[in-house]
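Enquirer: Structure below; questions to follow.
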Amino acid sequence: MFLVSKNSTVFSLLILLCLLSSMTSYAMTESLQQTLINLGDPDKNIRQQSYGTLMKEGDATIIPVLEAFISGLLENRSGLLVIYGPRVQVEKGRREYPLLDAFTGKPVLDPTGRPIYTENLSSSMIRANRTERVTVLDLIKILSLSHFDTEKRIAAIVAAGDRSDATLAPILQKQLQANLEKRISDALAESLAAIRITHGSKSEKLQAARFLGETGSARGALPLRHALANKTDNDAEIMIAVQDALTKIDRYQKLIGFIQDLFSGLSLGSILVLMALGLAVIFGLMGVINMAHGEFMMLGAFTAYVVSEIFKRYLPPGIFNYYFLCAVPAAFLISALAGLFCEWALIRHLYGRPLETLLATWGLSLVLIQSVRVLFGDTLSLTPPEWFVGSWEVSTDLVFPINRLFIIIFCALCTLLFYMIVQKTKLGLLLRSTVQDRETSSSLGVPTRRVDGLTFALGTGLAGLAGCVIPLYDKINPSMGQGYVVDSFMVVVLGGLGKLAGVIIGGVGLGFLTKFIEPFLQAVYGKALVLGMIIVFLQWRPAGLFPSKGRLVDE
Amino acid sequence: MKNQEPMTFDENELLRVFRKKTTLGVLVFFFVVIPFLGWFGLIDVTNINKLGRYLCFAIVALGIDLLWGYTGLLSLCQALFFCLGGYAMAMHLSLPEGGGNVRPEYHNIPQFFFFNNVDTLPGWWTHFSSLSFALVMAILIPTIVASLFGFTVFRSRVKGVYFSIITQAVAWGAFLLFCRNEMLLGGTNGLTNFDPAFHRDFGWVLFFYLITVSTLVLLFLGAKYISGSRLGRLLVAVRDKEMLLNFMAYRPQSIKLFAFTTAAIFAGTGGVLYVPQNGIITPNIMRVEDSIWMIIWVALGGRGRLWGAMAGALLVNYAYSITTSDMPKTWPFLEGGMFMAVVLFFPSGLVGLWDRFEQNVASGTRVSGILLAMAVGFTALLVDKSNWGLYVPYHLTALIACVTMSFLVIRSLNPSGIVLATITFFFGVEALGLMPETMRITWIGVPLKYYILFIILVGAGVLSHIGVFRQALRKYYEPATEH
C-alpha cells in the first residue's frame, strides 16, 4: 500500500476529474467562440464555413460544446451559448439540468449569484442534422486525441487504435514525438502499432508486430489476430512476425492470468482467514460452534457504515476519508462488545454441548440479522475512502485493485496481531493453557470463565474487522455474513484446530482453490467441486491439516 | 440428554391405560374426525391440505429424531434428502403421464425446458413418466446419496460438530447446483404446473392426507420397532459412549451409516408426499436454513422421543403459519428466540411438559377433560370460519372447551401448566375469531395480544421461581388423590 500510495493519489484525482469533467472550466479563444455560435446559424453557408474553421483551428476546449451540440443540449440564449449539464437532484424527487457557460464550462449565474437550473430542455436548442452530426463526430474523434482530461484522452487514443483508423495515424505519430506522460505515450505507441499492422508499409508492419509482441497487452492481440485471419498480406515474413507476436502475447497473458488468480485468491482467502481464526479459537477453546460468526462480521460492516454516515453528516467533508481510520477500531469494539454480551447471556450456559450451541447461535444470528434489517433496511453501499479507489498497474494488463491490495495487507496485519496476542501476552498465555487443559489451568488459578469471555470477544472482534473492510469492494446487507460462514467453517475443517497456521493455510488454500477452479468451471460447479475435494481430503486427514495432538482416544 | 432414556417402562396401570386411550384418541382424531369434519365442509380444503403437508414434515422429523435424538448425529442436510425425494416425484407429476400441465406451444413437455432451449424430453427424464419408477427413484436416490456420503464421512471418523459442518456444506453445495438451469430441473423456479386438483379438489386432498397419515403411522411403528430393538439400544450407545462400542468390537460407523440412511429415507418419503400437496418444489426448500428449521421441530418437540418429534413438527409449523401472517417482520425474532429459548430453558422440549403431565396422571388426576379440550382446541385451528354461521353450537362448544381446558390444566398441573394453558387458550381464542379488535392494535409491528401473551408467559415463569409463591402454588395445585 505504501509503495503505491503516491500513485493512488494521482489516480483518485484523475477519477475525480473524470467525474467532474463536465463541470471542468476551460478557456477558449475569441474566434472559436464566434465560430461555435455560428454553428446554430440558420444560414447553411455560414454553418459550413464554421465547420471548416473548427477543423483547422479547433482544440480540445471545444469538445464539451460539440458533444452537447450533437446530443441536443446546446442552446443559444440571446448571444450566450449555454450547455445543459448532466441532471442533478435539486430536491427530493426533482432532477434538473444545470446551465453551464459553453465558453468557460462554469455554471451560469443569475443576478443574485446563484447557479441556474432548468427542469426541461427548451425548444430553441441548437440541433444538428445527420450529416452535421457525422462531421462533428469525426471532429470530436480527432480533437479528443489531445483532450485536456487525461483519462478521456487515453480512451480516445485507445479507441483510435481499436478501430484501426488510418486517418488518425499521422496525428498519433506527431503526438508521440512530443514529451508526454508515460501512460499517454504508451497508449499512443500501442494504438499506432495497432493501426500500422493493418495499414502500414512492410517495414512498419514488421516493427509494429514486434512492438505489440513485446508489449504483450490483450488489446494488441486483436489487430494481430485480425491481420492473421484476413490474410491482408501474403508476405511470409510479416505473417511469421505476426504469429510470433501472438505467441508472445499468449504466453504473457497466461502468466498474468495466473498472477491475477493468485491475487484474487489471496484477497478472498485473507478475509476467510480473519473469519476462521475467530471461529477456530472459539471452537478450540470452548467447543462452541458459532453460527452467528458471520453476523458479527456483518455488525462490523454496518458499524463502518454508521461511522461513515456520522462523518458525512456532522463533520467537514474535507476529513471524510479519515472515517475509515475510526471505523476500524469502532468495528472491532462493537463486534467484540456484542460478542462479550452474547457470551455472557447465552453461550456461557451451553458449554460442553456443542450441538446445542450450534442451534442457539443460529437463533442468535436470525435475531441479529433481523434487528439490523429493521434498523437499517436492506442493501446499502458506502463510499470507500478515496485512497482505495483505483488500481495499481504493475505491468501491462496486470492490474491490482488498490482496495484488494489493502485488504490483503490489512488481514495479514490483523492475523499477525492476533498471533502476537496469543503468543506474547498474558491473555494469550492463559488462553493457550485453557485450551490445553481446562481443569488443570483452573486449579492453578486461571480464571477460565473470564478467559472464555475475552476470547469469544476477541474472536468476534476479528470478525468485525473482517466486516469493516468488506464495504471497500462490495455492497453490504444484513444477511451478508451467511455466505461467508459456510466457507469459514470449511477453513476450520480443512485447517484443523491444532495450530493457527492450519487456519491460515486452510483459508488461503481455499481462496486459491476457489479462484483457480472458477475460470475452468462456473462459480457454482467450482464451489461444489471444492466441497467434494474437502470431503475427499478428510478421508486422508480426518482432523484437518494440523490436528490437535492429545493422548485421549476420544475427545 | 444423556440420562434421558428413549423408553420409560412404567409399572403404573393407570398410566398404561391412559397411554392406550390417548393413542386411540389421536388415531381417531386424525383418521376419523378430520376427514368427517372436512366431509361436512367444516374444515376447509386448504386447511386439510395444510395439515397434510405438515404431517409430511412430521415424517421427516421422525427420521431426524432417530438420527439426532437417538444416535446423536446432527445432520444439517435433511432438507436435501427431502428435496431429492420431492424432485423425483415432481418430475413424474410435471410430465403429462403424471397429470402435468403441458402445452402444445411448449412441445408438450414441462414449460421450463422451452425457456432453457430444450425441445425434446431428455432421455433420463422419460423414465419418470412411470409412477412406479418415480416412486422407486424417490426412495432410492436419497438412499444412495446418503449411504455414499455417509460411508465416506463415517469411515474417516468425522464426528460431532465436524459432521454437522460438512453436512451443512453439502446442503449448501446441492442448493447451488439445483439452482442451475443446466441441471434441467427447473433452476431456481423449481418444478411446478402439476395437476392443480391435487391440492384443490377435496377428493384428492383427502386422498393425499389419508395416505400421509397412514405412512406416518407405519413409519412411526417402524421407528418405534427400531428404537425398541437391540439396534435401537446400539444407536443410543453410539450417542452416549461411542468409544466403548469400539472396544466391544462393534462398528460404530456401520450403525451411524444405518441411522443416517434411514433418516434420509424418511426425509425422502416426506418429500414424495409433500410435493403433490404443495404443488411446487423449488431448491429454496433445501437450503441450510431449512435443514436447521427441521432440527428445531425435533428440538422443540423433544429429542429421543418419537412422538415428541412429530408433535414438534406440527406445533412449530402451525406457530409459523399463524405468526407470519400476523406479523411477518417479527417472525425472525420469534424464530431466533425459539432456538435460543428451547436450548436454554427447555432442553427436553414438549416431552418434558408432557412427562410432568403424565406424572399427574399416574398419581390419579382425571385428565380426560383436558385431552378432549385439547383436541377440540386443535380442531378449532383447522375449521373454516366462514361456515360457522351454520354451526353456532359447535362454536360455543369450542369456546367452552378452550376455557375449561385452560382451567383444568391450571388446576391439575404445576406452574409450567400455566404456560401450556395460556398458549392453547390463546390459539383457541384466535382460531375461533374471538380476539377483540383492540388486541390487534400494533406497536412496532407486533399486535397487542402478543405483548399480553408474552407478559403472561414471563410472569408465570418468574412467579414460579419465587419461593413463597411457589409454596403457595404447590399447596393449591396438590394433585387430587382420590380415585
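Enquirer: Look through region B:326-362, keep the residues that are farther than 17 Å from residue B:21 by Cβ and modelled with pLDDT under 70, and return whichever of them is farthest from the other protein chains (Cβ to nearest Cβ).
Expert: Among residues in region B:326-362 that are farther than 17 Å from residue B:21 by Cβ and modelled with pLDDT under 70, the one farthest from the other protein chains (Cβ to nearest Cβ) is B:326.
Enquirer: If we scan region B:167-176, do we find a residue that is closer than 14 Å to residue B:87 by Cβ and not aromatic (Phe, Trp, Tyr)?
Expert: yes
Enquirer: Here's something else I'd like to know. For residue B:210, are the conditions met, namely being in contact with a helix residue (DSSP H, G or I) (Cβ under 9 Å, 6 or more places away or on another chain), surrounded by 15 or more Cβ atoms within 10 Å (Cβ to Cβ) and within 14 Å of another protein chain (Cβ to nearest Cβ)?
Expert: Judged against the criteria, residue B:210 is not a match.
Enquirer: While we're on this one: For the structure I just gave you, tell me whether residue A:487 is crowded, with 18+ Cβ neighbours inside 10 Å, at pLDDT 80 or above and among the acidic types (Asp, Glu).
Expert: yes
Enquirer: How many residues, within region A:352-372, are modelled with pLDDT of 80 or more and either farther than 15 Å from residue B:334 by Cα or aliphatic (A, V, I, L, M) (or both)?
Expert: Total meeting the criteria: 11.
Enquirer: Out of the residues in region B:86-118 meeting the condition of being without any contact (Cβ under 8 Å) to a residue 12 or more places away in the chain and part of a loop (DSSP other than H, G, I, E, B), tell me which one is most open to solvent (accessible area, probe 1.4 Å).
Expert: B:117
Enquirer: If the requirement is being open to solvent by 50 Å² or more (accessible area, probe 1.4 Å) and closer than 30 Å to residue B:102 by Cβ, which of these qualifies: B:200, B:233?
Expert: One residue alone meets the criteria, B:200.
Enquirer: Let me ask something additional. Given the condition within 14 Å of another protein chain (Cβ to nearest Cβ), under 21 Å from residue B:83 (Cβ atoms), of a type outside the set (S, T, N, Q) and open to solvent by 30 Å² or more (accessible area, probe 1.4 Å), answer yes or no: does some residue in region B:119-134 qualify?
Expert: So far as region B:119-134 goes, no, none of its residues is within 14 Å of another protein chain (Cβ to nearest Cβ), under 21 Å from residue B:83 (Cβ atoms), of a type outside the set (S, T, N, Q) and open to solvent by 30 Å² or more (accessible area, probe 1.4 Å).
Enquirer: Another question, if that's okay. Say whether the condition of being under 24 Å from the mean Cα position of the chain (by Cα), within 27 Å of residue A:288 (Cβ to Cβ) and part of a helix (DSSP H, G or I) is met by at least one residue in region B:175-196.
Expert: Yes, region B:175-196 contains at least one residue that is under 24 Å from the mean Cα position of the chain (by Cα), within 27 Å of residue A:288 (Cβ to Cβ) and part of a helix (DSSP H, G or I).
Enquirer: What is the one condition in (1) closer than 30 Å to residue A:526 by Cα; (2) open to solvent by less than 10 Å² (accessible area, probe 1.4 Å) that residue A:268 does not satisfy?
Expert: Unmet for residue A:268, out of (1) closer than 30 Å to residue A:526 by Cα; (2) open to solvent by less than 10 Å² (accessible area, probe 1.4 Å): (2).
Enquirer: Separate question: In region A:113-130, which residue that is out of contact with any strand residue (DSSP E or B) (no Cβ under 7 Å at 6 or more places or on another chain) and over 16 Å from residue A:98 (Cβ atoms) is surrounded by the most Cβ atoms within 10 Å (Cβ to Cβ)?
Expert: Going through the qualifying residues, I end up with A:128.
Enquirer: Ok, one more. Quick check: anything in region A:509-529 of a type in the set (D, E, K, R), open to solvent by 40 Å² or more (accessible area, probe 1.4 Å) and more than 14 Å from chain B (Cβ to nearest Cβ)?
Expert: So far as region A:509-529 goes, yes, one or more of its residues are of a type in the set (D, E, K, R), open to solvent by 40 Å² or more (accessible area, probe 1.4 Å) and more than 14 Å from chain B (Cβ to nearest Cβ).
Enquirer: May I pose another question? Hey, which of the helices (runs of 4 or more DSSP H) in region B:1-84, taking only ones fully inside, have at least 1 residues that are within 22 Å of residue B:214 (Cβ to Cβ) and modelled with pLDDT of 90 or more?
Expert: B:13-28, B:45-64
Enquirer: Further question on the same structure: Of (1) within 14 Å of another protein chain (Cβ to nearest Cβ); (2) part of a helix (DSSP H, G or I), residue A:327 satisfies all except one. Which?
Expert: Answer for residue A:327: the failing condition is (1).
Enquirer: Further question: Do we find a residue being more than 14 Å from chain A (Cβ to nearest Cβ), free of Cβ contacts under 8 Å to residues at least 40 places away in the same chain, part of a helix (DSSP H, G or I) and touching a helix residue (DSSP H, G or I) at 6+ places or on another chain (Cβ under 9 Å) anywhere in region B:159-167?
Expert: no
Enquirer: From the residues in region B:265-301 that are within 14 Å of another protein chain (Cβ to nearest Cβ) and among the aromatic types (Phe, Trp, Tyr), which one is nearest to the chain's Cα centre (by Cα)?
Expert: Checking each candidate, the answer is B:297.
Enquirer: If a residue has to be within 14 Å of another protein chain (Cβ to nearest Cβ) and either touching a residue at least 40 places away in the same chain (Cβ under 8 Å) or assigned to a helix (DSSP H, G or I) (or both) to count, how many in region B:240-255 make the cut?
Expert: Of the residues in that region, 9 qualify.
Enquirer: Among the residues of region A:354-399, write down those that are in contact with a Gly (Cβ under 9 Å, 6 or more places away or on another chain), more than 11 Å from chain B (Cβ to nearest Cβ) and polar (S, T, N, Q).
Expert: Within region A:354-399, A:395, A:396 qualify.
Enquirer: Here is a list: A:400, A:456. Which entry is more than 19 Å from residue A:279 (Cβ to Cβ) and aromatic (Phe, Trp, Tyr)?
Expert: Of A:400, A:456, the one residue that is more than 19 Å from residue A:279 (Cβ to Cβ) and aromatic (Phe, Trp, Tyr) is A:400.
Enquirer: Here's something else I'd like to know. For region A:285-318, how many residues meet the condition of being β-branched (Val, Ile, Thr), touching a helix residue (DSSP H, G or I) at 6+ places or on another chain (Cβ under 7 Å) and assigned to a helix (DSSP H, G or I)?
Expert: 2
Enquirer: Give me a count of the residues in region B:342-356 that are out of contact with any Ser or Thr (no Cβ under 8 Å at 6 or more places or on another chain) and over 14 Å from residue B:298 (Cα atoms).
Expert: Total satisfying the criteria: 3.
Enquirer: Only one residue in B:337, B:268, B:304 is in contact (Cβ under 8 Å) with a residue 12 or more places away in the chain, assigned to a helix (DSSP H, G or I) and either surrounded by 23 or more Cβ atoms within 10 Å (Cβ to Cβ) or out of contact with any Ser or Thr (no Cβ under 7 Å at 6 or more places or on another chain) (or both). Which one?
Expert: Step by step, each of B:337, B:268, B:304 is checked, and only B:268 is in contact (Cβ under 8 Å) with a residue 12 or more places away in the chain, assigned to a helix (DSSP H, G or I) and either surrounded by 23 or more Cβ atoms within 10 Å (Cβ to Cβ) or out of contact with any Ser or Thr (no Cβ under 7 Å at 6 or more places or on another chain) (or both).
Enquirer: Run residue B:304 past the list (1) at pLDDT 80 or above; (2) closer than 24 Å to residue A:364 by Cβ; (3) within 14 Å of chain A (Cβ to nearest Cβ) and report the number of the one that doesn't hold.
Expert: Among (1) at pLDDT 80 or above; (2) closer than 24 Å to residue A:364 by Cβ; (3) within 14 Å of chain A (Cβ to nearest Cβ), residue B:304 violates only (2).
Enquirer: Considering region B:135-158 alone, what residues qualify as being at negative phi, at the interface with chain A (Cβ under 10 Å from one of its Cβ atoms) and open to solvent by 50 Å² or more (accessible area, probe 1.4 Å)?
Expert: Once the filter is applied, which keeps residues that are at negative phi, at the interface with chain A (Cβ under 10 Å from one of its Cβ atoms) and open to solvent by 50 Å² or more (accessible area, probe 1.4 Å), region B:135-158 yields only B:155.
Enquirer: Failed condition for residue B:220, given (1) within 14 Å of chain A (Cβ to nearest Cβ); (2) within 23 Å of the chain's Cα centre (by Cα), with all others met?
Expert: So residue B:220 meets the others, but not (1).
Enquirer: For region B:254-276, state whether one or more residues are touching a Lys or Arg at 6+ places or on another chain (Cβ under 7 Å) and charged (D, E, K, R).
Expert: No: zero hits.
Enquirer: Pairs needed: first member in region A:377-388, charged (D, E, K, R); second member anywhere, not in a loop (DSSP other than H, G, I, E, B); C-beta distance under 6 Å; at least 6 residues apart or different chains.
Expert: Hits for this filter: A:386/A:12; A:386/A:321.
The values are calculated or read from the model by the stated rules, or taken from the named source; none is laboratory data. For clarity, every value in this text was computed on a predicted model and none was experimentally measured. Cβ sites come from the backbone with ideal geometry, for glycine too, and all protein chains shown count toward neighbours. Note: areas computed on protein heavy atoms with side chains; ligands, DNA, RNA excluded. Shrake-Rupley method; radii C 1.70, N 1.55, O 1.52, S 1.80 Å.
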